[in-house]
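Notes for the one structure printed next.
The values are calculated or read from the model by the stated rules, or taken from the named source; none is laboratory data. Note that this is a predicted model, so its numbers are computed, not measured. Methodologically, a virtual Cβ is constructed for each residue, glycine included, from the backbone with ideal geometry; neighbour enumeration extends over all protein chains shown. Side chains are part of the model used for accessible areas, which takes the heavy atoms of the whole protein and leaves out ligands, DNA and RNA. Shrake-Rupley method; radii C 1.70, N 1.55, O 1.52, S 1.80 Å.
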Amino acid sequence: MSIPAFAPYVPMDVTPSRKGSTLLRGIRAIRGFFAPSSSQPISLQPDSPQPNSLLNAYAPEFAPISPERPQDTRLPPIVDLQSVSGELQDHPAPAPMGEGPENRTRRLFVRSGGGMPGLDIHAGIWLALERAGIVATDCWGTSAGAAVSAFDASGLAAGTVEEILRDLDDIDIRDERFAWKLRIPWLDYYLRPGPILDLLQWHLPGHWDFYAKPLHVYATNAATGYATTMRDAFSDPARAVLASMSICGAFPPVKGDDGFLYFDGGVDANLPAPAVPEIATGYDEIWLLVASGAPRGYTRNDRMLTRLIQSARWMMHNQILDSIADCRRAAEITGKTKVRVIWPALAAPRGVLHFDHDLIAQAYEWTAKQLQQEAEA
């Protein structure tokens, strides 16, 4: 594959709109204080303006791989981002694929979860791939990856999605219930997902048939504990994405059109890569795009809750490694399907429920450098 020379990343010229005004926050707080807490899951109809849930509050925390820790052979090589520094210039237009519709490469993008920083990382990865002329024909995703895959499948360009993300701040996404820390024993969730559904329904088509590319988002069925695609469970793709992003305890579970409850897909399929040969070998290329880094190790002062959360993060991390290995084994049946992994080792110091738009540039540069190294190898 011929990879064009990459221009250094240039951020979009976006002035954040302060949709989360002080008055609006006050109204939300007063409404949340007097609103009764219900233990029933929120069930949203496709035409309802009230949303459901978003990001995985306990997705693996991003952390760079320490020099003392050996690089896992199952991961792509660590890239030195200093080597891609230079003078900033505008992005050239994406290179054409040069393939007709009848013989174009069938290319699957599988995007992992990763919380709010995962949205930024996925945007940067997508920008670099689009710049290289590597465009998906099918999109799968979980949690943050489900949202970005939905944007991709709807026909939006990576630069457009970058602009959408840069126009958001934490307050535009996080709608905390009033004094929730003091009311934990009486609350079943502490974040209202209203702003999330508004955002998704504003930008996404309202039915699966209106998407430019086949889209599959994954969420966990509360009755079985297994993750499954949401195409049959929800008629509205935006609600399906919300179900994939909903972490129990942070957001309420989502009741599907089939009557089942669904929540965060990262519990069972944080990277929903195809592991069945009949499916995997149906693609010429499978790109596994991971937006969550390895959790840090235990420290001397970690408390009980911290250790429990860290254990869950390590389980999700190892689940991703298993998904990559299973996908590669499935693709090796015919030897014709190529599996590529993009997994930037980036840090998100503010945590998984905070945006860090600087990660867009870092993920772009990391991905661009890896593509160039692989093309030259």
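Only one of the numbered conditions (1) under 26 Å from Leu127 (Cα atoms); (2) free of Cβ contacts under 8 Å to residues at least 12 places away in the same chain is violated by Asp284, and that is (2). Of the residues making up the range 222-261, just one is among the aliphatic types (A, V, I, L, M), touching a Pro at 6+ places or on another chain (Cβ under 9 Å), part of a loop (DSSP other than H, G, I, E, B) and open to solvent by 10 Å² or more (accessible area, probe 1.4 Å), namely Ala222. Which of the following residues is touching a residue at least 40 places away in the same chain (Cβ under 8 Å), aliphatic (A, V, I, L, M) and under 24 Å from Val290 (Cβ atoms): Val276, Val254? The conditions single out Val276.
The residue pairs whose first member lies in the range 350-369 and is at pLDDT 95 or above, whose second member is open to solvent by 30 Å² or more (accessible area, probe 1.4 Å) and part of a loop (DSSP other than H, G, I, E, B), and whose beta carbons are closer than 7 Å, counting only pairs six or more residues apart or on different chains, are Ala361/Pro11; Ala368/Phe6.
Answer yes if at least one residue in the range 196-214 is outside any loop (DSSP other than H, G, I, E, B), of a type in the set (D, E, K, R) and without any contact (Cβ under 8 Å) to a residue 24 or more places away in the chain, and no otherwise. Yes - at least one qualifying residue is present in the range 196-214. Return only the number of the condition from (1) open to solvent by 40 Å² or more (accessible area, probe 1.4 Å); (2) part of a loop (DSSP other than H, G, I, E, B) that Leu168 does not satisfy. All conditions pass for Leu168, except number (1). For Gln372, the conditions (1) touching a helix residue (DSSP H, G or I) at 6+ places or on another chain (Cβ under 9 Å); (2) modelled with pLDDT of 80 or more; (3) not in a helix (DSSP H, G or I) are fulfilled apart from (3). Quick check on my filter: what residues within the range 270-286 are open to solvent by less than 10 Å² (accessible area, probe 1.4 Å) and of a type in the set (Val, Ile, Thr)? Ile286, the sole residue that qualifies.
Can you say whether Asp188 is of a type in the set (Asp, Glu), surrounded by fewer than 23 Cβ atoms within 10 Å (Cβ to Cβ) and at pLDDT 95 or above, as far as the supplied structure shows?
On the way: of a type in the set (Asp, Glu): yes; surrounded by fewer than 23 Cβ atoms within 10 Å (Cβ to Cβ): yes; at pLDDT 95 or above: no.
Against the criterion (of a type in the set (Asp, Glu), surrounded by fewer than 23 Cβ atoms within 10 Å (Cβ to Cβ) and at pLDDT 95 or above), Asp188 does not qualify.
Scanning the range 150-159 for residues that are touching an Asp or Glu at 6+ places or on another chain (Cβ under 9 Å) and assigned to a helix (DSSP H, G or I) turns up Ala153, Ala158, Gly159.
May I ask you to verify whether Leu127 is modelled with pLDDT under 95 and open to solvent by less than 20 Å² (accessible area, probe 1.4 Å)? Spell out the reasoning first.
Values: modelled with pLDDT under 95: no; open to solvent by less than 20 Å² (accessible area, probe 1.4 Å): yes.
In short, no.
For the range 249-284, filtering for residues that are in contact with a Cys (Cβ under 6 Å, 6 or more places away or on another chain) and closer than 30 Å to Asp188 by Cα leaves 1. On inspection, Thr142 qualifies as surrounded by 24 or more Cβ atoms within 10 Å (Cβ to Cβ) and among the β-branched types (Val, Ile, Thr). When we screen Gly115, Gly159, Gly133, Gly194 for residues that are crowded, with 21+ Cβ neighbours inside 10 Å and among the small types (Gly, Ala, Ser), the only hit is Gly115.
Do we find that Pro295 is out of contact with any helix residue (DSSP H, G or I) (no Cβ under 9 Å at 6 or more places or on another chain), more than 26 Å from Val135 (Cα to Cα) and either open to solvent by 20 Å² or more (accessible area, probe 1.4 Å) or not hydroxyl-bearing (Ser, Thr, Tyr) (or both) in this structure? Considered against the rule, which asks whether it is out of contact with any helix residue (DSSP H, G or I) (no Cβ under 9 Å at 6 or more places or on another chain), more than 26 Å from Val135 (Cα to Cα) and either open to solvent by 20 Å² or more (accessible area, probe 1.4 Å) or not hydroxyl-bearing (Ser, Thr, Tyr) (or both), Pro295 comes out as no. Check whether at least one residue in the range 347-370 is farther than 21 Å from Glu163 by Cα, buried (at least 21 other Cβ atoms within 10 Å of the Cβ) and not polar (S, T, N, Q), and report yes or no. For the range 347-370, residues farther than 21 Å from Glu163 by Cα, buried (at least 21 other Cβ atoms within 10 Å of the Cβ) and not polar (S, T, N, Q): absent. Scoring Leu289 on the criteria (1) crowded, with 19+ Cβ neighbours inside 10 Å; (2) over 30 Å from Ala345 (Cα atoms) leaves a single failure, condition (2).
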